[in-house]
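Working notes for the structure below.
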Amino acid sequence: MTALIAFLLLAPYCPSDSARALLTIRDVPLRALLFAEQGARTEGTEVIELARLLELAGRFADAARVYSLAVAQTDPTTPGWLSDRLRGVSTLDTTLVLEACLRNRGATTVRNVVLMVPRPTSHEPYQTIRILESDFSGGGPVLTCVVDSLAPGARVFRSIRLEVRQRPHTFRPIHAALGDDILRSLIEIARRVEGTRADPGPCLEMSRELAEQARENIVPIHVAGGVMFRGDSLVFHAWTVLDSVIPGLPIDPLLMRTDSMMAVGHCPSDMIPLWNLDYTDGCELSALYSGISSNLEMNMRAYFTGR
């Protein structure tokens with residue numbers, strides 16, 4: 001019996017799995033939590049699965065306590081994802097820096113380069129963002145910064161400093177206003193789209209494909225972007241967000257590959273939404289200038305102050 005419980009709990013979450021009949025995309029029933037809790041009590045090996053179910057159910061304080069117990073009991077070499085999950089169910093109150101780097105790799109001076117980024121915005125009701133300092137300016141959805149001159153071999157840095165306050169949030173139970181047929185169609189598309197890019201990653205390509213198909217005959221949706229924890233680093237990520245019916249509901253087609261439950265309606269604090277990428281054609285950073293494109297290099301990084 002113990003082996004059967006372990007097998008059921010360790011199986012990957014999938015909405016079409018009959019073996020996961022206790023779980024649904026819309027909600028995490030109480031009986032599923034009780035089932036996992038019994039497994040954790042009998043052997044102690046399913047503590048992490050119990051914490052995951054508590055997180056999915058929106059019981060973030062309980063999930064934090066169980067994740068903390070799991071961190072204390074596991075080997076020090078445990079992958080960083082466990083620490084990320086603990087961050088994901090905790091409140092975030094920090095200062096985030098977005099830093100753009102522009103470098104001229106050519107032999108001639110480049111002039112009047114206009115750098116563009118989407119405007120960072122709050123995501124109510126679980127997140128507020130305030131711009132503290134910025135080299136970028138503008139009143140619309142896109143912020144710009146002009147680099148007057150960049151000599152051969154030179155590079156410049158332009159940054160935005162943000163105050164980010166965020167708490168973990170879930171849209172579960174997903175409101176019936178989003179009908180079963182619509183939800184099922186969105187999930188089917190998210191599971192079907194494929195990304196081909198290895199660098200910087202397939203998330204943007206998959207999200208744009210999902211948004212394009214969903215807009216045709218299902219529901220208004222846009223591609224959102226932000227940063228997520230990966231151990232001690234922050235990496236940029238993209239996913240989709242509904243604009244109507246349940247505004248703000250996230251659907252992550254890349255995460256759908258490994259965890260369909262967390263991919264829909266789940267907003268942990270280790271995933272920090274920043275902006276609407278539709279305003280900049282999917283780019284966190286872009287530039288307008290005259291010259292040979294291969295001679296100008298740009299990139300962006302994100303970090304917390306003091307790290």
Assuming 0.36 nm per residue, please report the length gained on full extension of the stretch residue 69 to residue 34 beyond their Cα-Cα distance. 10.8 nm
Among 287, 248, 202, whose Cα projects farthest towards the positive end of the dipole of region 155-294, with charges put on the beta-carbon of Lys, Arg (+1) and Asp, Glu (-1)? 287
By the gyration tensor of its Cα atoms, with a ≥ b ≥ c the square roots of the eigenvalues, what is the shape of region 125-177: rounded for a/c under 1.5, prolate for a/b over b/c, or oblate? prolate
What's the center-to-center distance, using Cα atoms, between region 243-291 and region 170-185 in Å? 19 Å
Check each of the GluC sites (Glu not before Pro) in region 182-256 and keep only those in coil by DSSP with at most 11 other C-beta atoms within 10 angstrom; list them in order. 194
Set the Förster distance to 45 Å, then compute FRET efficiency between residue 304 and residue 109 from the Cβ-Cβ distance, nearest 0.05. 0.80
Multiplying the sequence separation of residue 177 and residue 144 by 0.36 nm and subtracting their Cα-Cα distance, what value in nm do you get? 8.0 nm
Extension length gain for residue 61 and residue 289 (0.36 nm per residue less Cα distance), in nm, is 77.1 nm
Debye, to nearest 20: dipole size of region 45-157, +1 on Lys, Arg Cβ, -1 on Asp, Glu Cβ: 420 debye
Label point distance in nm, residue 122-residue 192, each placed 7 Å from Cα along Cα→Cβ: 3.9 nm
Placing each pseudo-label 7 Å from Cα in the direction of the beta carbon, residue 245 and residue 185 end up separated by a distance in nanometres of 0.7 nm
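The numbers here are math on the coordinates, done by the rules we state, and not lab data. Keep in mind that what you see is a predicted model, and the values were worked out from it rather than measured. Cβ coordinates were reconstructed from backbone atoms using ideal geometry, including for glycine residues, and neighbour counts include every protein chain displayed.
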